[in-house]
1. Does the range 284-299 include one or more residues that are without any contact (Cβ under 8 Å) to a residue 40 or more places away in the chain and not assigned by TED's automatic domain parsing to the domain that holds Glu60?
2. Which one of these is at pLDDT 95 or above, surrounded by 21 or more Cβ atoms within 10 Å (Cβ to Cβ), closer than 19 Å to Ile139 by Cβ and in contact with a Pro (Cβ under 7 Å, 6 or more places away or on another chain): Ala159, Ala176?
3. So which of Glu81, Glu142, Glu121 ends up being modelled with pLDDT of 95 or more and on the phi > 0 side of the Ramachandran plot?
4. If Ala228 passes every condition in (1) closer than 20 Å to His360 by Cβ; (2) surrounded by fewer than 19 Cβ atoms within 10 Å (Cβ to Cβ) but one, which one does it miss?
5. Any idea which of Ala291, Ala306 is in contact with a helix residue (DSSP H, G or I) (Cβ under 6 Å, 6 or more places away or on another chain), among the small types (Gly, Ala, Ser), buried (at least 23 other Cβ atoms within 10 Å of the Cβ) and within 21 Å of Ala166 (Cβ to Cβ)?
6. Residues that are touching a helix residue (DSSP H, G or I) at 6+ places or on another chain (Cβ under 6 Å) and over 30 Å from Pro365 (Cα atoms): which helices (runs of 4 or more DSSP H) entirely in the range 8-87 hold 1 or more of them?
7. For the range 124-134, give me each residue that is of a type in the set (A, V, I, L, M) and either at pLDDT below 95 or touching a strand residue (DSSP E or B) at 6+ places or on another chain (Cβ under 6 Å) (or both).
Amino acid sequence: MINHQLCHPATDLVPGGGRTLDQLKQEVLRRVENNLPPLGGIGTEDARAALAAIDSLSREQWALAWSTVAEQHFTQAAPLEASAPERAREHYWHAWRLHHFARWPVENSPAKLRAKNRALESYCSYGRLLEPPLEIVRIPFEGRQIIAYLRLPAGARPAPLVFGIAGLDSRKEDVAAHSDRYLQHGIGLLAVDLPGTGETPIEAAEADSDRMFSALLDYLATRPDVDAGRVVVQGRSWSGYWAAKLAYTERVRLRGTVVHGGPIHTYFQPHWLRASLATGEYLYDYWQAKASMFGANGLEDMLERARRFSLLDLGLLDQPSAPMLLVNGTRDSQIPIADIHVLLEHGDAKEAWVNPQGGHMGRSPQWPAAAISERVLMPWIARRLELS
């Protein structure tokens, strides 16, 4: 078990940039009103109701406040399933978003752990009412199981697929929640958690945790409704690391990988990791989220574990790779832009899109997440899957 007290008090949220309670509330509301991570999709009225019940930085209080509002939506959803399934689905969506933020970024208090479980229940209820419905995939793996979500578009079979991996604090539900945009392009979506997070069978990420993704590729090859010869891996934020690694280790089975703001080498150096813990771009508990993923007990342990992940030091970067699209912003305070340059300076030729004014994952007012997805990522993915 990770001892979060080794770095910060276990009962208090630790905001990036040292925000006070009032400052944190203001920042939360700003992100809600501008549909910014990690609060995108949460309604302003719901956010105000939750914030009104909070008068401290206690993790328990924050989780309980957001979950209380979430439960109101969940309670309204069930009676509507038969008579008004679209309205029921909408309430389940809001219940998921609110419980999901209640447990964000890591389940390091009892209320956050309860919120995680309720978020999963809410999302599965939402997914059951989708058309086509969400399929929950369970694959035996090393005595446990990999749990993933799959949605395939209507039409021709077998379907090409995006293999989407969630980030450090997001979950497979975040990835699957946007599956409609893939289905509209005739592309299926498989969504899975990052090793060391969510429902993955690997409790603490290791440098060889990509074996879990290889097992999923094995599974996809058994599905007659999936075109296993047309698969693109999409990594977001921290999972961009695994997308980059799979471009080397699974290059024969992949049409390409999207490395959207992922760590490669510089990120894993102690000087960067130490400095990144103070970023105000991350809302709070950045240390706790990283420590949990690595299974680290204390800062020095995390720094030592992180060193083992460098793809440059592992000797992969000069090997042949699947095609890659590299995306980020030069002002990213969480993943260094230097890591895109490391990839570009080694191995096969790659494509890159860099926003000079962009923060994490290249986002900026001129380039919000939706614009990057539709104007940068989707055209490249469609081209690699031979859809355009």
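The values are calculated or read from the model by the stated rules, or taken from the named source; none is laboratory data. Computed from a predicted structure; not experimentally measured. Ideal geometry is used to build each Cβ from the backbone, glycine not excepted, and the neighbour counts take in all protein chains shown.
1. Within the range 284-299 (the criterion being without any contact (Cβ under 8 Å) to a residue 40 or more places away in the chain and not assigned by TED's automatic domain parsing to the domain that holds Glu60), the answer is no, since none of the residues qualifies.
2. Of the residues listed, the single one that is at pLDDT 95 or above, surrounded by 21 or more Cβ atoms within 10 Å (Cβ to Cβ), closer than 19 Å to Ile139 by Cβ and in contact with a Pro (Cβ under 7 Å, 6 or more places away or on another chain) is Ala159.
3. Checking each option against the conditions leaves just Glu142.
4. Failed condition: (1).
5. The conditions single out Ala291.
6. Here the list reads 59-77.
7. Once the filter is applied, which keeps residues that are of a type in the set (A, V, I, L, M) and either at pLDDT below 95 or touching a strand residue (DSSP E or B) at 6+ places or on another chain (Cβ under 6 Å) (or both), the range 124-134 yields only Leu134.
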